[in-house]
Amino acid sequence: MYAQMVKTDADRVKSLDEMDPQERAFQQRIDAGEKIEPKEWMPEPYRKTLVRQISQHAHSEVVGQLPEGNWITRAPTLERKAILLAKVQDEAGHGLYLYCAAETLGVSRDDLYEQLLAGRAKYSSIFNYPTLSWADIGAIGWLVDGAAIMNQVQLQKTSYGPYSRAMIRICKEESFHQRQGYDIMMKLCAGTAEQKAMAQDAIDRWWWPSLMMFGPSDDASVHSVQSMAWKIKILSNDELRQRFVDQTVPQAEFIGLKVPDPDLKWNEKRQSYDFGEVDWDEFFQVLAGNGPCNRERMASRTRAWEDGAWFREALTAHADKAAKRKATAPIAAE
Ligand code: FAQ
């Protein structure tokens, strides 16, 4: 299936000469490193690409609460429980910053959420895998948040102002998340043989899905070329994946875990690791809704949306009443 993916015309980036004057001026601002702010003129495809990427990112944060939320009641100590609770709450906060950033592009949060629940918007493939043991919580913090930061650090320099500013805040929190995950793995690896085996089992299951988080390889990535020309993306999917592998393999070795890739080898010439081919068929199956937990994740989000209806109605009713009171209140005498 992967081999059948072809790049489309959408990947062909217009040269400055081919652009109309407004578009050219816009591209020149991007090339000069200026930030684009809400309400400024932007090409419609630039706006659409941002709405797609930012909203998918927001959905990922919100759906991403579910695998770890599964362990809040079963964390091994009070301290671990408090940390995990704080982390999962942070992810909800990231979702909110990102929905706000998307709203500055003229879309409503309700519409974006409706697209998610109707299956018309994507969220990160990684959150369709189950959390089977406590070590999975360590692996998510270490590998999943580690991959998220690798991507998001460069997104701090993205060309759209509100997205870039949201990323700065999010990255600070993600780095705490990554450390808490690695700390869980370190403790397990220094524990009993069973605990170490549990940590190894977690990296065995989470390694490859973590590499998939960066998206298809560059030659199959539909949006990368144009997104990079607009500086929405700063580094390509493959560059980020390579950086993640180079950063993470020594961390695994340090705590005595084996990366489950028989082709992994240090390349002296490139000063980088060579690594095996991602199973792209699995990736596209997960994107198509056929991962181990896709249906469960969507059912949870749909239930949460329906259960929250009374609260949304109460908020709107309260806001209406407050607006009416304000409109009819006598003007206070000086
Ligand atoms: N999963 O042409 P490209 C986190 C889709 S945050 C699902 O390369 P693009 C924090 C892609 O949308 C994790 N779909 O696309 C956390 C496109 O489909 P479309 C989320 C994927 O946009 C931790 C198609 O494939 N981070 O984890 C994936 O240029 C722990 C073609 O791909 C972000 O969203 C995938 N892995 O590059 C939370 C970062 N990869 O839209 C809780 C911002 C690709 O045409 C707990 N996003 N697709 O239908 C990005 O940087 C980019 O959107 C990429 C994809 C790099 C994800």
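Under 8 Å between Cβ atoms, at least 6 apart or on separate chains: pull out the pairs that start in the stretch 38-62 with a residue that is within 16 Å of the ligand (Cβ to nearest atom) and end on any residue that is assigned to a loop (DSSP other than H, G, I, E, B) and among the hydroxyl-bearing types (Ser, Thr, Tyr).
GLN56/TYR123; GLN56/SER124; HIS59/TYR123; SER60/TYR123; SER60/SER124; VAL62/TYR123
May I ask you to list the residues in the stretch 285-334 that are under 23 Å from ARG109 (Cα atoms) and of a type in the set (Val, Ile, Thr)?
Across the stretch 285-334, the qualifying residues are THR302, THR316.
Here's the yes/no breakdown for (1) within 21 Å of GLY141 (Cα to Cα); (2) in a helix (DSSP H, G or I); (3) touching a strand residue (DSSP E or B) at 6+ places or on another chain (Cβ under 9 Å); (4) open to solvent by less than 50 Å² (accessible area, probe 1.4 Å):
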{"residue": "GLN247", "(1), (2), (3), (4)": "yes, yes, no, no"}
{"residue": "GLU277", "(1), (2), (3), (4)": "no, no, no, no"}
{"residue": "GLN285", "(1), (2), (3), (4)": "no, yes, no, no"}
{"residue": "ARG312", "(1), (2), (3), (4)": "no, yes, no, no"}
{"residue": "ALA319", "(1), (2), (3), (4)": "no, yes, no, no"}
{"residue": "ALA323", "(1), (2), (3), (4)": "no, yes, no, no"}
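Return the residues of the stretch 218-233 that are free of Cβ contacts under 8 Å to residues at least 40 places away in the same chain and either over 21 Å from PHE284 (Cα atoms) or more than 9 Å from the ligand (Cβ to nearest atom) (or both); say none if nothing qualifies.
Answer for the stretch 218-233, where residues must be free of Cβ contacts under 8 Å to residues at least 40 places away in the same chain and either over 21 Å from PHE284 (Cα atoms) or more than 9 Å from the ligand (Cβ to nearest atom) (or both): just MET228.
Out of (1) assigned to a helix (DSSP H, G or I); (2) open to solvent by 30 Å² or more (accessible area, probe 1.4 Å); (3) in contact (Cβ under 8 Å) with a residue 40 or more places away in the chain; (4) among the charged types (D, E, K, R), the odd one out for LYS258 is which?
(1)
Could you check PRO67 against (1) under 22 Å from TYR163 (Cβ atoms); (2) open to solvent by less than 20 Å² (accessible area, probe 1.4 Å); (3) within 8 Å of the ligand (Cβ to nearest atom) and say which number it fails?
(1)
Only residues that are over 30 Å from VAL249 (Cβ atoms), open to solvent by 30 Å² or more (accessible area, probe 1.4 Å) and either touching a residue at least 40 places away in the same chain (Cβ under 8 Å) or touching a Pro at 6+ places or on another chain (Cβ under 9 Å) (or both): list them for the stretch 106-152, please.
Those that are over 30 Å from VAL249 (Cβ atoms), open to solvent by 30 Å² or more (accessible area, probe 1.4 Å) and either touching a residue at least 40 places away in the same chain (Cβ under 8 Å) or touching a Pro at 6+ places or on another chain (Cβ under 9 Å) (or both): GLY106, VAL107, GLN115, LEU117, GLY119.
Of the numbered conditions (1) open to solvent by 20 Å² or more (accessible area, probe 1.4 Å); (2) more than 26 Å from ASN128 (Cα to Cα); (3) of a type in the set (Phe, Trp, Tyr), TYR46 fails exactly one; give the number of that condition.
Just one mismatch for TYR46, condition (1).
Do we have any residue at all in the stretch 228-243 that's surrounded by fewer than 16 Cβ atoms within 10 Å (Cβ to Cβ) and of a type in the set (S, T, N, Q)?
no
The values are calculated or read from the model by the stated rules, or taken from the named source; none is laboratory data. Please read all numbers here as calculations on a predicted model, not as lab measurements. Ideal geometry is used to build each Cβ from the backbone, glycine not excepted, and the neighbour counts take in all protein chains shown. Just so you know, the surface numbers come from the protein's heavy atoms only, side chains and all, with ligands and any DNA or RNA stripped out. Shrake-Rupley method; radii C 1.70, N 1.55, O 1.52, S 1.80 Å.
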